Amino acid sequence: MISASYITADIANSTQLFSSKEMERLADEIRQILTAGECIFSFGRFDSFQAMQRDPLKSLDLVMRIRSAVRKFSSQKPDIRVCLGLGYADPGIRDFTFLKDDLFVNTGRAFDKMVQDRQWFKIVVSENEPNPAQPGFTAIGIFMDFLFRRLTYKQAGVLSDLLHDFPQKEIARRQGKSMPTINRQVSALSWENLRTINTLSGSSSNKTVTM
């Protein structure tokens, strides 16, 4: 039974890319996203964290917001490795002390393997037995990762605003760009594909691109 989603994540090469103050500022932005997503979370350092969300249908939207926040943070093209586990979590859990549920153990193991295999995003259905839905989640993860790897610094900023439901006219104003420029960026970053992935997760059926 899937009752929650669990994220374990780490920003790559953070000490080489950012100062301590920059990392603190980025960590604060991620905390705001996690708080808005009603998550339980814990930061090990400024560049790594764990989070649990009780509404797994919103988990892909959450991951997109976090990864776009990291990608738009600097023109040095930072990225974040994320493993998203879907499974059962004890309703009584309020923090991450001594967690033994399969959701947390299996997600952690999958994350460790991602580091070895140089993967950036993975979705795992956390059960001891093979889950028939796992191939579908694997495919979604691969495609979503492909789209994010292609993002430029400017496109990541546009995507972040789209995920926060800003219409293109407002995005152009916020970023000091013309409407045609923003429209080209929206097309180039494959927003329609990312929006479809988000919609399939059940978290954003009302999201539209407003001119």
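The values are calculated or read from the model by the stated rules, or taken from the named source; none is laboratory data. Just so it is clear, the model here is predicted, and its values are computed rather than measured. Positions of Cβ are generated from backbone atoms using ideal geometry, with glycine treated the same way; all protein chains shown enter the neighbour counts.
Quick check, is residue 59 assigned to a loop (DSSP other than H, G, I, E, B) and among the hydroxyl-bearing types (Ser, Thr, Tyr)?
In short, no.
Conditions first: (1) at pLDDT 95 or above; (2) among the hydroxyl-bearing types (Ser, Thr, Tyr); (3) surrounded by 15 or more Cβ atoms within 10 Å (Cβ to Cβ). Residue 14 passes all but one, so which condition is the exception?
Here residue 14 clears every test but (1).
Out of everything in segment 1-33 that is under 13 Å from the mean Cα position of the chain (by Cα) and small (Gly, Ala, Ser), what residue ends up being farthest from residue 92 (Cα to Cα)?
Out of the qualifying residues, it is 9.
Identify, please: which residue in segment 84-96 is part of a loop (DSSP other than H, G, I, E, B) and aliphatic (A, V, I, L, M) and is, among those, surrounded by the most Cβ atoms within 10 Å (Cβ to Cβ)?
Step by step, filter segment 84-96, then rank; the result is 89.
In the list 73, 121, 137, 146, which residue meets the criterion of being touching a residue at least 40 places away in the same chain (Cβ under 8 Å), under 17 Å from the mean Cα position of the chain (by Cα) and more than 28 Å from residue 19 (Cα to Cα)?
137
Mind listing just one residue for me: the one in segment 89-118 that is more than 24 Å from residue 144 (Cα to Cα) and aromatic (Phe, Trp, Tyr) and, of those, farthest from the chain's Cα centre (by Cα)?
98
Take segment 97-156 and flag every residue that is surrounded by fewer than 17 Cβ atoms within 10 Å (Cβ to Cβ), farther than 12 Å from residue 84 by Cα and of a type in the set (Lys, Arg).
100, 113, 118, 149, 150
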